[in-house]
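Asker: Take a look at the following structure, please.
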Amino acid sequence: MEKYEGEKTMKLIHKGKVKRVLEDPESKDRVVIEFTDTVTAGDGAKKQEFTGKGKLACDFSEFLFGYLEGKGIDTHFIKRLKGPQLMCTKVEIFPIEFVCRNLVAGSFSRRYGTEKGTVLDSPLVEYFMKNDDLHDPLITGESIIRLGLVSQNDLEFMTKVTLSVNYYLSELLKQQKLTLVDFKLEFGKAENGEIVLADEISPDTMRVWDATATSLDKDVFREDKGDLIATYEKLLTAVKTARSEDVEARLESVYIIVEPKPAIKNPPGEVTRKALIRLGFAEVEDVRMGKVFNITLKKPLTSEILKHLEVMNVKLLSNPISEKHKVRFE
Ligand code: UDP
């Protein structure tokens, strides 16, 4: 096999099912992710080597992370190395897999008995707990927060970014008459506290159908229905020849809710309370009146934009002495 940068000097940090994470000898803030030729399915029950698959998954991740970065989404991707390796920002991976679905397939179809190919009304984000011993169970957002796996703010942020990724990937594929059925994302927190898209994006982690609902992804291996390498190569060519510059930026809506702090008198709320009682709504005990800003962003949400929203609050939108605020995404 071809030798690539630093092969001999890079220490193994983590060995996953299909990727290895290596220490970057030049910086402790970076890692090198190496893609292997292994393909697994069914929670590792089915496993096979396909020569060249690692390079293809690496090519996809390099191209798609680069494309998403170009659209304003923060990722861990820094640069491609010579072999099937990506230099990436070192992050601590959140213990949740974010699965986004547009059409019914895979475990969703099995779990709910819904017909494969059914189009969902709007994209759905499901969460799975990353835990091999428990076989990565489906988990609700509430449970994630109660178990302290991820904070509510971080979970809402990553969910919002997942939906942005869905839009940008779907639109790119649509140009080639391909449909993004579903995909899985992982996020990580960098040393500087920023949350970025991490792991990989390839046909190993997403389902893509052509106009005849033929799979161009790992389902050809899961269901023994084709040549995996030829399929991945076909999809890579399609993705790389799509006109990424024609995919328009999507507007994103965020809400900033400003309320008077509990100890602060709130005359407008008091006037409203009295008026409601006069109208006969005897059940009303108290009313506090605040304000809501619905801010439309012309870029996907990033940790930096979140910081900007906090500065907007302090500088203009709320009075930090008398008011509290929260940022909500939908
Ligand atoms: N997926 C993944 N890794 C996992 C589980 C799922 O990359 O550990 C991807 C999978 O390739 C598909 C999407 O997430 O694109 C939804 O997978 P699903 O829950 O339907 O599970 P599966 O069909 O793999 O059992």
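The values are calculated or read from the model by the stated rules, or taken from the named source; none is laboratory data. The model shown is predicted, which means the values in this text are computed figures rather than measured ones. A quick note on method: Cβ atoms are made from the backbone with ideal geometry, for glycine too, and the neighbour counts reach across all protein chains shown. Surface accessibility is based on the protein's heavy atoms, side chains included, excluding ligands, DNA and RNA. Shrake-Rupley method; radii C 1.70, N 1.55, O 1.52, S 1.80 Å.
Asker: Looking only at the range 31-47, how many residues end up being within 22 Å of E97 (Cβ to Cβ) and modelled with pLDDT of 95 or more?
Answerer: So the count comes out to 11.
Asker: Output the strands (runs of 3 or more DSSP E) that fall wholly within the range 148-255 and possess 3 or more residues being within 16 Å of the ligand (Cβ to nearest atom) and on the phi > 0 side of the Ramachandran plot, or say none.
Answerer: Filter on the range 148-255 gives an empty set.
Asker: Continuing with the same structure: Can you tell me which residues in the range 278-310 are open to solvent by 70 Å² or more (accessible area, probe 1.4 Å) and farther than 30 Å from F187 by Cα?
Answerer: Listed by number, the residues that qualify are R278, L279, F281, A282, E283, E285, D286, R288, M289, K291.
Asker: If I filter the range 131-138 for residues that are acidic (D, E), surrounded by 12 or more Cβ atoms within 10 Å (Cβ to Cβ) and part of a strand (DSSP E or B), do I get at least one hit?
Answerer: Looking through the range 131-138, none of the residues is acidic (D, E), surrounded by 12 or more Cβ atoms within 10 Å (Cβ to Cβ) and part of a strand (DSSP E or B).
Asker: Would you point out which residue out of G44, G72, G83, G117 is open to solvent by less than 40 Å² (accessible area, probe 1.4 Å), assigned to a loop (DSSP other than H, G, I, E, B) and under 17 Å from A198 (Cα atoms)?
Answerer: None of the others qualify; the one that does is G72.
Asker: If V31 passes every condition in (1) among the hydrophobic types (A, V, I, L, M, F, W, C); (2) surrounded by fewer than 20 Cβ atoms within 10 Å (Cβ to Cβ); (3) farther than 28 Å from S170 by Cβ but one, which one does it miss?
Answerer: With respect to (1) among the hydrophobic types (A, V, I, L, M, F, W, C); (2) surrounded by fewer than 20 Cβ atoms within 10 Å (Cβ to Cβ); (3) farther than 28 Å from S170 by Cβ, V31 is out only on (2).
Asker: Look at L163 and say whether it is aliphatic (A, V, I, L, M), open to solvent by less than 10 Å² (accessible area, probe 1.4 Å) and under 15 Å from the mean Cα position of the chain (by Cα).
Answerer: no
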